[in-house]
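Participant: First the structure, then my questions, so here it is.
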Amino acid sequence: MKRCNQPKPSSVSPMAMDPHDPNLNPNSSAEPAGGFVESAFGDPELEAQLALHFADESSASGVDLSALASRVALASVEELPSRVYRSRTRRGASLQAAALLAFGLVALRLLGPASTEAPESSSMFVAAPIVLPETILADMDLLTRDMVVRERTFSNLSGVADFECELESLFPEGEFQCDS
Amino acid sequence: MPDSLEEPDFRRLVASARWGDDHAWRVLVEHWTPRLFAFLHSRCRDPELSEELVQDVFVKVAQRLADYDERGRFSSWIMLITINRLRDEMRRRSRHARPVENETLGALAGSTQADAEGGPAAEESRRALDGALRSLSDAERELLHLRHAVGLSFSDISELLREPRGTLLARHHRVLGKLRVVLAPHDPKNPQEPNGPADEEGGRA
């Protein structure tokens, strides 16, 4: 391996010597704005030796980098913004659904048809129109509005532009800002 | 593993990953994992810690992907997160941290892989390079790690370290000069007699 004591300007860009360089495009690195020619500051042989040396060190660690990349991808993918949005809305939606179901059950229990009204011999449940009191209706309305606000917040975070329009179609009485 | 990704590719992949494209995210992770690991391992000399930090960095990158400003370079951005994470960890473990200079260098230089891949001359060369790297300051080593372990361009390093590119080029040139001086006695084709403490005649031709 030949190496000189004196700095040896080279016609070969060090970028081209480095197989790991993410910016191998010679147009982006060899003659950059600012007037510096990287090859004039380099020593291709020594730089290649350094790159090889660090690569050897890395492989000598005994770590399987492909397996590591797979593990890392798996562990981090759920943290991507869109995934977080989805899981939050999923979680939020299931909470809202559970709350609505609970309200419904309470309402049925409180205001459903009295057991005396149904014939005892009949095992069939006869549904009757349910008139919910104003307080429960107000609570459910509040819950729905809260859900809408949360959805809107998440959609804004994710940059969904036409979400307002979707909401407007779902809740025509709401004050949404649909541009289309 | 994609080896020829450039900054525009990173931007495109980041944009896709933001919208939940698993494949784009995997490509980014596969491209950067060996580079981050090489950098972290060269800095802390601890494979397990390096693995752990690589994972932490990607979790952090994924969490912050929505905040990534596409006007900046992705390479600089991810390396900044990596360096900050490493510094945080080193501060946290300061009492137990393993300094770069004193640990495992000898073991690495004398690894069986070195013997297998290049014979005694190559091993001697690696050992000499280890010694030469140890003679550099931490900032000088960091520059070499960023440039040759990660493969960053000088433009990336300039944005990352917030130093003018010309300054970095000049420093890099000086560092290579220092290495050449330290390595000169180990050069088999150099007629100069060895005089360094690490010189061993056994590996010479």
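The values are calculated or read from the model by the stated rules, or taken from the named source; none is laboratory data. Keep in mind the model is a prediction, meaning the values are calculated, not measured. Virtual Cβ from ideal backbone geometry, glycine too; neighbours counted across all protein chains shown. These accessible areas exclude ligands, DNA and RNA; they are computed on the full protein's heavy atoms, side chains included. Shrake-Rupley method; radii C 1.70, N 1.55, O 1.52, S 1.80 Å.
Participant: Can you work out which of the residues in region A:33-85 that are touching a helix residue (DSSP H, G or I) at 6+ places or on another chain (Cβ under 6 Å), facing chain B (nearest Cβ under 7 Å) and in a loop (DSSP other than H, G, I, E, B) is modelled with the lowest pLDDT?
Facilitator: My answer is A:34.
Participant: Spot the failing condition for residue A:112; the list is (1) modelled with pLDDT of 65 or more; (2) open to solvent by less than 70 Å² (accessible area, probe 1.4 Å), and only one is missed.
Facilitator: Of (1) modelled with pLDDT of 65 or more; (2) open to solvent by less than 70 Å² (accessible area, probe 1.4 Å), only one is false for residue A:112: (1).
Participant: Further, regarding this structure: Mind telling me which of the residues B:95, B:73, B:87 ends up being loosely packed, with under 15 Cβ neighbours inside 10 Å and at pLDDT below 90?
Facilitator: After ruling out the rest, the residue left standing is B:95.
Participant: Oh, and also: Across region B:4-21, what is the number of residues that are in contact (Cβ under 8 Å) with a residue 12 or more places away in the chain and at the interface with chain A (Cβ under 7 Å from one of its Cβ atoms)?
Facilitator: Of the residues in region B:4-21, 4 are in contact (Cβ under 8 Å) with a residue 12 or more places away in the chain and at the interface with chain A (Cβ under 7 Å from one of its Cβ atoms).
Participant: Just the residues that are over 13 Å from residue B:42 (Cβ atoms), open to solvent by less than 10 Å² (accessible area, probe 1.4 Å) and assigned to a helix (DSSP H, G or I), please, taken from region B:139-167.
Facilitator: Correct list: B:154, B:156, B:157.
Participant: Just need a number here: residues in region B:158-183 that are more than 9 Å from chain A (Cβ to nearest Cβ) and in contact (Cβ under 8 Å) with a residue 40 or more places away in the chain.
Facilitator: 4
Participant: So residue B:24 passes all but one of these: (1) modelled with pLDDT of 85 or more; (2) more than 24 Å from residue B:141 (Cα to Cα); (3) within 9 Å of chain A (Cβ to nearest Cβ). Which condition number does it fail?
Facilitator: For residue B:24, the exception is condition (3).
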